[in-house]
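Bear in mind that the values in this text are calculations on the coordinates, not laboratory data. Given the structure is predicted, the values throughout are model-derived calculations rather than measurements. Note: ideal-geometry Cβ built from the backbone for every residue, glycine included; neighbour counts use all protein chains shown.
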Ligand SMILES: O=C(O)CCC(=O)C(=O)O
């Protein structure tokens, strides 16, 4: 349960509080300058391949859910190599938010890197997410659905998002103070990863306005959603937390 709804600035104890679900989010203001944000946004939109997940979300990149769980592990890791090379070109044309984030986590006292899978190699990390409409309530928590993958062994799972383009109205991040547990799946919408509103009925919620150039970290096991928005663009990945010390990034 959250002990406060205040959102602190990044530091080691704030990220551990987030992993323990004592706070709703952690903020990293000024992650990138307006010029860096613009250059990365342009490189991403012009060069990255799109793979849709649901009608409201167009993904620039791949996800372990769509290309792995819904297809196969071989498929995901073959694509992970291809897309990591493609994103290296995008970073070369602008800058690497992924490396910058890893450096920031290192500076906060963690051992941070990209996630690896024994026998398969590195995961892909860092997707663009272009949102149009209301992005429905969901959780992202590998132990829920990824048995047989190393990410399912994490003690906690966070997500970070670097905001690139946010409409003047709407597009807030909605966070509920409720960590997913198995009985919640009675509310899951058939054949999809999102949930009916009943799953969070009566649960405290915070509505977090987000700004271009900043990063927000959330505990992605908490139910969350994104308010109605047109052309909202963010870039980020998950962070699996191992032994409260090793942070591993993947998408
Ligand atoms: O873009 C955001 O603010 C949150 C995105 C989201 O739903 C997620 O990371 O799963």
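Quick one: residue 154 ticks every box in (1) more than 18 Å from residue 125 (Cα to Cα); (2) touching a helix residue (DSSP H, G or I) at 6+ places or on another chain (Cβ under 8 Å); (3) away from the ligand (no atom under 13 Å from the Cβ) bar one, so which box is it?
Unmet condition: (1).
State all residues of the stretch 198-214 that are surrounded by 11 or more Cβ atoms within 10 Å (Cβ to Cβ) and farther than 30 Å from residue 31 by Cα; if no residue qualifies, say none.
Listed by number, the residues that qualify are 198, 199, 200, 203.
With the requirement that a residue be within 9 Å of the ligand (Cβ to nearest atom) and either part of a strand (DSSP E or B) or on the phi > 0 side of the Ramachandran plot (or both), what does the stretch 212-228 give you?
Going residue by residue through the stretch 212-228, those that are within 9 Å of the ligand (Cβ to nearest atom) are 216, 218, 220, 224-226.
Of everything in the stretch 212-228, those that are within 9 Å of the ligand (Cβ to nearest atom) and either part of a strand (DSSP E or B) or on the phi > 0 side of the Ramachandran plot (or both) turn out to be 216, 218, 224, 225, 226.
Can you tell me which residue among 164, 247, 174 is in contact with a helix residue (DSSP H, G or I) (Cβ under 6 Å, 6 or more places away or on another chain), under 20 Å from residue 8 (Cα atoms) and not in a loop (DSSP other than H, G, I, E, B)?
Details: 164 fails: under 20 Å from residue 8 (Cα atoms); 174 fails: in contact with a helix residue (DSSP H, G or I) (Cβ under 6 Å, 6 or more places away or on another chain).
Sole residue among the options that is in contact with a helix residue (DSSP H, G or I) (Cβ under 6 Å, 6 or more places away or on another chain), under 20 Å from residue 8 (Cα atoms) and not in a loop (DSSP other than H, G, I, E, B): 247.
Taking the condition touching a helix residue (DSSP H, G or I) at 6+ places or on another chain (Cβ under 8 Å), closer than 20 Å to residue 24 by Cα and within 10 Å of the ligand (Cβ to nearest atom), does residue 235 pass?
Details: touching a helix residue (DSSP H, G or I) at 6+ places or on another chain (Cβ under 8 Å): yes; closer than 20 Å to residue 24 by Cα: yes; within 10 Å of the ligand (Cβ to nearest atom): yes.
Here the answer is yes, as residue 235 does meet what is asked.
Is it fair to say residue 206 is within 14 Å of the ligand (Cβ to nearest atom), in contact (Cβ under 8 Å) with a residue 12 or more places away in the chain and in a loop (DSSP other than H, G, I, E, B)?
So residue 206 fails the test.
Surrounded by fewer than 19 Cβ atoms within 10 Å (Cβ to Cβ), part of a strand (DSSP E or B) and more than 10 Å from the ligand (Cβ to nearest atom) - does that describe any residue in the stretch 180-194?
Among the residues of the stretch 180-194, at least one is surrounded by fewer than 19 Cβ atoms within 10 Å (Cβ to Cβ), part of a strand (DSSP E or B) and more than 10 Å from the ligand (Cβ to nearest atom), which makes the answer yes.
Mind checking which residues of the stretch 162-175 are surrounded by fewer than 21 Cβ atoms within 10 Å (Cβ to Cβ) and under 25 Å from residue 1 (Cβ atoms)?
172, 174
Would it be correct to say that residue 145 is away from the ligand (no atom under 13 Å from the Cβ), closer than 24 Å to residue 50 by Cβ and either in contact (Cβ under 8 Å) with a residue 12 or more places away in the chain or surrounded by fewer than 17 Cβ atoms within 10 Å (Cβ to Cβ) (or both)?
Numbers: away from the ligand (no atom under 13 Å from the Cβ): yes; closer than 24 Å to residue 50 by Cβ: yes; either in contact (Cβ under 8 Å) with a residue 12 or more places away in the chain or surrounded by fewer than 17 Cβ atoms within 10 Å (Cβ to Cβ) (or both): yes.
The answer is yes for residue 145.
For the stretch 238-248, does any single residue satisfy the condition of being within 9 Å of the ligand (Cβ to nearest atom) and in contact with a strand residue (DSSP E or B) (Cβ under 6 Å, 6 or more places away or on another chain)?
Applying the first criterion (within 9 Å of the ligand (Cβ to nearest atom)) to the stretch 238-248 yields 238.
Now drop any that are not in contact with a strand residue (DSSP E or B) (Cβ under 6 Å, 6 or more places away or on another chain), which leaves 238.
Yes, the stretch 238-248 has at least one match.
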